[in-house]
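Following: one structure in structure tokens, then a few remarks.
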Amino acid sequence: MTISNTASRAAELRDTLNRANYDYYVLSQPTLSDAEFDTLSRELQDLEHQQPELKTPDSPTLRVGAPPSQQFEPVQHPVPMLSLSNVTSEETFNAWYQRALDYLEIDSADLTLELKIDGLAVAVTYVDGILIQAATRGDGTQGENITDNIRTINSVPLALDGDDVPGTIELRGEVFYPISAFDRLNEEREAASLPVYVNPRNSASGSLRQLDSTETAKRPLDMFFYSIGYAENGQIPNSQYETLQSLKQWGCKTNDWSRRVTTVEEAMTAIQNVAEIRPTLDFGIDGVVIKIDDITLQDRLGAVGRDPRWATAYKFPAEQAVTKLLEIRTNVGRTGAINPYAVLEPVVVGGVTVSQATLHNEEDINRKDIRAGDHVIVQRAGDVIPQVVGPASDNQRPDDSQPYRIEPNCPACGEPVIRDEDQADIRCINSTCPAQFERLLEHFASRGAMDIEGLGEKLAKELARQNLVSNIADIYTLNERMDDLLAMERMGEKRAQNLVDAIEQSKSQSLPRLIFGLGISGIGSEIAETLSREFRNLPNLLEADAEKLTAIEGIGPILANSIREWTLHEPNIALVQRLKDLGVDPQDDTPEAAADHPVKGLTFVITGKLDTFSRTEAANAVKSLGAKAVGSVSKNTDYLVAGADAGSKLERAVRLNVPVLNEDQFKDILDGKLPDPDAETPAMLV
Ligand code: IVH
């Protein structure tokens, strides 16, 4: 074949294969047999192999994945990827709709309804119709470049169809793991005695975030497209409903259920219909997205924080099902708490097969009168771990049934467990209990603590089980035991070196993170901050007596006791010394709170997701300036700081005329700049 012949043959193969792919994965109407598809794929692969310049960015051979990358590159979203406020009843839906109409000063506006797919939002960019980039939502402003992974999803077009596609266009939608495939996956894992995955959403997320896209290619991910992020050089539709039609014409998979309605009543009928069809869907949904249809109106409505005024989500109530509770088992948390959980006869709740559910503690189990052998109500809401609500109304209890009592010995190490009179809390206090140590190590390395990349649940478990690490300080000597590390499964030189480097880096983490990482019972990151400010380093904390501890605001006798128990325990004293010897001895040098900061004495409520702080960090920041951070909004609240997904607290603040700050305004306040009381705050725009 001549060069130009090969080029045109390659182009022909690409078109045929992409078309066949579309017929199969988008239309579910196969037009080529598997054998034909494979033969043509191989022919194209061979051509591309002989002449690599023939490999185009829309070649179907890219669907098998690309060489693994080291990390995902950040992608800045030119138009932020927003989140959604919620409504849960016709009443709140109506209120949302009326607010939008009032804002626009109009009497009615069409609504487009779409299923709210329970997956992950992604943005896919096409230039001249060719897929050139895909990114995760991330924090809405910045996501991760997952182009190679997205190309492996067969229903995502590598090239858009039609001559009306704008020159540059970013399309958005939801990637999901089909429920049937998820159930199969878990059946296989169960058969192989591997731990099962929690839900399809996590599996979709895990699959998309594989650095090796050939791994993603093995997962049956799918995607529904639902909007246009932005477009240049071309026309885009002026309504959401028409956008869906255009997406479909361009070859993107859209969800067929979508519809346009003109009233809230009509919308409610449609929403009721969703509750009926929900069990028949092969993907998880967690509600219905309601969008003002007209894009011009959407633009006028804009957003409050991260939530658009032009869209909201109608969320369904938690789903319930009845099944048999086969057995109550326990596991051991990192602070030694013995946690009971229910082993259930598998049951589908909200589209997911549930075979385990949490039970709080012995007291709660008995208060709800839940016993092994009972038929119980299991509940699942969105992402939350399934819970056992209580016995079913027609429960037939076995004659020999007994109230639940936790086993007297730790399920992991066999040592007797201790019951705390005050706290309904039962724990194993054996500091060498392997279950606790595995969890502790995982916690120590976790993001909120020492943030050691690469040291997650699995590795923590293996390091502990192989006795490579039997004390937290041991990880700081792993660099001297490279051979042992390399002997571990799936541990190549590069991974081992990265791990050791990450561990070394963690030596410079702050004192609050270290204190939090130690896993002292009752010490969350907030109290860790307080202790850090108060004691300035870890050896000082060891010296703190009960009196000094209880004098600190936020530390009561129970917490003081738990800290004392820890600091008096001989192995912990040795641990602190050893950490110090190994160079892990951070000092807190935060200056004392400025006496005359303008926020001193004010009361803040922090809600929603902030970009640059956790809520705890934000609360600590105001506290360190002498202000209060409280949990609920009242007339006495001076400011509500509202991040993304702010819900009822924001509504309440608006109702009570409490000034609302966005993150930037909040930062200004921390810098000592109080806002101009006459300026229009976001609260006034609601
Ligand atoms: S529209 C307007 N449409 O829901 C901003 N989102 O809670 C929201 N989602 O991050 C995007 N199905 O991951 C939209 N049909 C749909 C959706 C949908 C699922 C997700 C999306 C978004 C989240 C917001």
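For the stretch 550-649, the dipole from Cβ point charges (+1 on Lys and Arg, -1 on Asp and Glu) about the Cα centre works out to 440 debye, to the nearest 20.
Work out how much length residue 477 to residue 130 would gain on full extension: take 0.36 nm times their residue separation and subtract the Cα-Cα distance, in nm to one decimal.
On the way: separation 347, 0.36 × 347 = 124.92 nm, distance 4.99 nm.
Contour length minus the Cα-Cα distance gives 119.9 nm.
Each residue of the stretch 487-504 is assigned a 3J(HN,Hα), and the resulting list reads 6, 6, 5, 6, 10, x, 4, 5, 5, 4, 5, 4, 5, 4, 5, 5, 5, 4 Hz, derived from the Karplus form 6.51 cos²θ - 1.76 cosθ + 1.60 (θ = phi - 60°), x at Gly and Pro.
What value, in deg cm²/dmol to 500, does the helix sum -39500 (n - 2.57) over DSSP H runs of n ≥ 4 give at 222 nm once divided by the residues of the chain?
Values: 25 runs with 245 residues, N = 686.
The helix-only estimate for the chain comes to -10500 deg cm²/dmol at 222 nm.
Express the C-alpha Rg of the stretch 228-355 as a ratio against the empirical globular expectation 2.2 N^0.38 Å, rounded to two decimals. Before the final figure, lay out each step's value.
Details: Rg = 21.1 Å, N = 128, 2.2 N^0.38 = 13.9 Å.
In units of the globular-protein estimate, the stretch 228-355 measures up at 1.51.
Once C-alpha pairs closer than 8 Å and six or more residues apart are averaged by separation and normalised to the residue number of the chain, the relative contact order reads 9 percent.
Can you bin the stretch 312-354 into rounded, prolate or oblate? Criterion: square roots of the alpha carbon gyration tensor eigenvalues sorted a ≥ b ≥ c, rounded for a/c under 1.5, prolate for a/b above b/c, oblate for the rest. Here the stretch 312-354 falls in the oblate category.
Per-residue counts of other Cβ atoms within 10 Å, averaged by peptide: what ranking do you get for 265-272, 210-217, highest first? Before the final figure, lay out the partial values.
On the way: 265-272: 15.0, 210-217: 18.5.
In decreasing order of mean packing, 265-272, 210-217 become 210-217, 265-272.
Find how much the distance from residue 648 to residue 501 grows on full extension, using 0.36 nm per residue of separation minus their present alpha carbon separation; answer in nm with one decimal. Show your work: numbers first, answer last.
Details: separation 147, 0.36 × 147 = 52.92 nm, distance 4.38 nm.
Difference between extended and current length: 48.5 nm.
With unit charges on the beta carbons (Lys and Arg positive, Asp and Glu negative) and the dipole taken about the Cα centre of the chain, which residue among 396, 129, 206 sits farthest to the positive side? It is 396. The 3J(HN,Hα) values that the Karplus relation (6.51, -1.76, 1.60; θ = phi - 60°) gives for the stretch 637-644 are, in residue order, 6, 7, 9, 9, 9, 10, x, 5 Hz. Gly and Pro appear as x.
Cα centroid separation, the stretch 601-680 to the stretch 258-322: 29 Å.
Taking a ≥ b ≥ c as the square roots of the eigenvalues of the Cα gyration tensor, the stretch 93-229 is oblate, since a/c reaches 1.5 or more and a/b is not larger than b/c.
Modelled label positions at residue 394 and residue 4, each set 7 Å beyond Cα in the direction of Cβ, lie 7.7 nm from each other. Put simply, when 504-510, 108-114 are sorted by average Cβ atoms within 10 angstrom per residue, most first, you get 108-114, 504-510.
Given a cut-off of 36 Å, what percent of all Cα-Cα pairs of the chain lie beyond it? Don't skip to the end; give the middle numbers.
Numbers: 124065 of 234955 pairs.
Percent of Cα pairs beyond 36 Å in the chain: 53.
Between residue 34 and residue 470, what is the label-point separation in nm under the 7 Å Cα-to-beta-carbon projection? Rounded to a tenth, the inter-label distance reads 5.1 nm.
Calculated FRET efficiency, residue 198 to residue 418, Cβ-Cβ distance, R0 = 30 Å: about 0.50 to the nearest 0.05.
The string of couplings for the stretch 153-161 from the Karplus curve (6.51, -1.76, 1.60, θ = phi - 60°) is 7, 4, 7, 8, x, 7, 9, 7, 9 Hz, one whole number per residue in order, with x for Gly and Pro.
Given a Förster radius of 22 Å and the C-beta distance between residue 46 and residue 69 as r, what FRET efficiency does 1/(1 + (r/R0)^6) yield to the nearest 0.05? About 0.25, to the nearest 0.05. Computed over protein heavy atoms with a 1.4 Å probe, the carbon and sulfur contribution to the accessible area of the chain reaches 47%. Taken along the Cα-to-beta-carbon direction at a fixed 7 Å, the label points for residue 360 and residue 453 span 4.0 nm.
State in Å² the accessible area per residue of the chain; use a 1.4 Å probe, count heavy atoms of protein chains only, and round to the nearest integer. Intermediate results must be reported in sequence, preceding the final value.
Values: 34180 Å² over 686 residues.
I get 50 Å² per residue for the chain.
Amide hydrogen proximity for residue 159: with H placed 1.01 Å from N in the peptide plane, the residues at 5 or more positions away or on another chain lying under 5 Å are 131. For the stretch 8-78 and the stretch 432-447, what is the centre-to-centre distance using only Cα atoms, to the nearest Å? After rounding, the separation between the Cα centres reads 44 Å. Listed as lacking a disulfide-compatible partner in the chain: 252, by the criterion of no other cysteine Cβ under 4.7 Å.
When a/c is below 1.5 the answer is rounded, else prolate if a/b is larger than b/c, else oblate, so apply that to the stretch 322-387 with a ≥ b ≥ c taken from the square roots of the Cα gyration tensor eigenvalues. Don't skip to the end; give the middle numbers.
Details: a/c = 1.87, a/b = 1.31, b/c = 1.42.
Oblate.
The values are calculated or read from the model by the stated rules, or taken from the named source; none is laboratory data. In this text the structure is predicted, and so the values were computed from the model without any measurement. With ideal geometry, Cβ positions are generated from the backbone for all residues, glycine too; neighbour counts draw on all protein chains shown. Accessible surface areas use protein heavy atoms only, side chains included; no ligands, DNA or RNA. Shrake-Rupley method; radii C 1.70, N 1.55, O 1.52, S 1.80 Å.
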